Amino acid sequence: MERIGVLTGGGDSPGINAAIRAVVRRAYEEGIETVGFHDGWLGLLENRGELLGLENVSGILHIGGTMLGTSRTNPFKSQDGPAKVKENYDGHGLGALIAIGGDDTLRVAHRLKDYGLKLVGIPQTIDNDINGTDYSIGFDSAITVVTEALDRLHTTGYSHHRILLLEVMGRDAGWIALLGGLAGGADAILIPEKRFNLGDIHRRIERRIEMGKRFSIIVVAEGAIPEELDDQVARKTETDEFGHVRMGGIGHYIADRLGKLTELTIRVTTLAYLQRGGTPSPFDRILATRFGVKAVELALSGRFDVMTGLRGTEVAPVPLEEALGEPKPVPEGLIELANLFY
Ligand code: F6P
């Protein structure tokens, strides 16, 4: 193998650059050149790739986002997309392509196998909803931001005797809300895995008032659904190339409804892109470095159509087929653990 490609697709996460750096370094050690494609699958479609030398990836370990840029482009949605992708892959003389992304990016990688591409995936999404890996790159950094946000909300919440709602990301799975909420001591955590009842939340707030706590902190995942609604609350109904609507608004929905039940003032904070941007945590830097190195080693040993997965403390190959079922839900045990505290 003389050359490998690398691209980053979907929503970005802190830690991607650390993975790109690790790919380039490990490949370099074997005398293999790395071609980086810009803006995810779009860069491969439009043949926008550049050679990445050690100098290009030096000094990026601690920088969030992705030096290659990203997009939510689905090559299967454009005319002759897969054929163009294959032509450009061959044109660069690639022996393998490493795709760093969430379920959409990895699903495209899996499908491109049928067009003769040799692919290895690296899971990255702050949502942590990819099966087959305990952690995806970016999740630890995101819950660090959520925890800090909750610490800050606590001090202003108790001073003003308010209900403070924090809306976090998590379209289909409540990992960010649940683990961020646990770490930040939230009084209620609402996640897509379990429909919630506004009356129950109100009762919880009342119980806290009886205990002398005149404030409450609620964390809600953007995809959480109250019992009274049929579907998630979305900001926009048109879909992207992967069929996703733009989420957002459940925090304000809850504030409107709860406001009719309680005397306490309610304020909403939407964490949005603050939880996706910024510096990767030490855990994410190390995970991304391990994933990047392993992805190259998998390609060298001819293991394709797999992604790197963290299983316990080991990094192992996970067949993409296995990783790309339904989004990985928060396990019942963790939900019960969180229930103990509210
Ligand atoms: O990266 C996944 C995710 O964080 C989802 O939780 C969220 O709904 C989505 O990204 C929003 O991303 P964008 O607005 O960039 O499409």
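The values are calculated or read from the model by the stated rules, or taken from the named source; none is laboratory data. All values reported here derive from a predicted model rather than from experimental measurement. Because the Cβ atoms are built from the backbone with ideal geometry, glycine has one as well, and the counts that use them run over all protein chains shown. The accessibility values were calculated without ligands, DNA or RNA, using every heavy atom of the protein model including side chains. Shrake-Rupley method; radii C 1.70, N 1.55, O 1.52, S 1.80 Å.
Summary table below
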{"read-out": "Residues of the stretch 295-320 classified as touching a helix residue (DSSP H, G or I) at 6+ places or on another chain (Cβ under 9 Å) and polar (S, T, N, Q), total", "value": "1"}
{"read-out": "Pairs where the first residue, in the stretch 261-285, is farther than 21 Å from ALA177 by Cα and the second is within 16 Å of the ligand (Cβ to nearest atom) and open to solvent by less than 30 Å² (accessible area, probe 1.4 Å), C-beta under 8 Å, 6+ apart", "value": "ARG285/GLY15"}
{"read-out": "Candidates GLY181, GLY170, GLY157 - the one that is more than 24 Å from LYS260 (Cα to Cα), in contact with a strand residue (DSSP E or B) (Cβ under 7 Å, 6 or more places away or on another chain), assigned to a helix (DSSP H, G or I) and among the small types (Gly, Ala, Ser)", "value": "GLY181"}
{"read-out": "Scope the stretch 232-244; condition closer than 17 Å to GLU167 by Cα, without any contact (Cβ under 8 Å) to a residue 40 or more places away in the chain and either open to solvent by less than 80 Å² (accessible area, probe 1.4 Å) or more than 11 Å from the ligand (Cβ to nearest atom) (or both); matching residues", "value": "VAL233, ALA234"}
{"read-out": "Filtered residue count, the stretch 193-228, keeping only those that are of a type in the set (Asp, Glu) and in contact (Cβ under 8 Å) with a residue 60 or more places away in the chain", "value": "1"}
{"read-out": "Hey, GLY64 under 21 Å from GLY223 (Cβ atoms), open to solvent by less than 30 Å² (accessible area, probe 1.4 Å) and in contact with a Ser or Thr (Cβ under 7 Å, 6 or more places away or on another chain) or not", "value": "no"}
{"read-out": "Tabulated pairs, the stretch 166-187, first away from the ligand (no atom under 14 Å from the Cβ), second hydroxyl-bearing (Ser, Thr, Tyr) and open to solvent by 20 Å² or more (accessible area, probe 1.4 Å), C-beta under 6 angstrom, 6+ apart or interchain", "value": "LEU166/THR269; ALA183/THR147; GLY184/THR147; ASP187/TYR342"}
{"read-out": "Residues located in the stretch 289-342, provided they are in contact with a Gly (Cβ under 6 Å, 6 or more places away or on another chain) and open to solvent by 50 Å² or more (accessible area, probe 1.4 Å)", "value": "GLU322"}
{"read-out": "Evaluation of GLN79 against (1) modelled with pLDDT under 95; (2) not in a loop (DSSP other than H, G, I, E, B) (one fails), failing number", "value": "(2)"}
{"read-out": "Unmet criterion (only one of (1) open to solvent by 10 Å² or more (accessible area, probe 1.4 Å); (2) under 27 Å from LEU68 (Cα atoms); (3) out of contact with any Leu (no Cβ under 7 Å at 6 or more places or on another chain); (4) away from the ligand (no atom under 16 Å from the Cβ)) for ILE98", "value": "(1)"}
{"read-out": "Residue within the stretch 263-276 that is open to solvent by less than 40 Å² (accessible area, probe 1.4 Å), on the phi < 0 side of the Ramachandran plot, within 16 Å of the ligand (Cβ to nearest atom) and of a type in the set (S, T, N, Q) present", "value": "yes"}
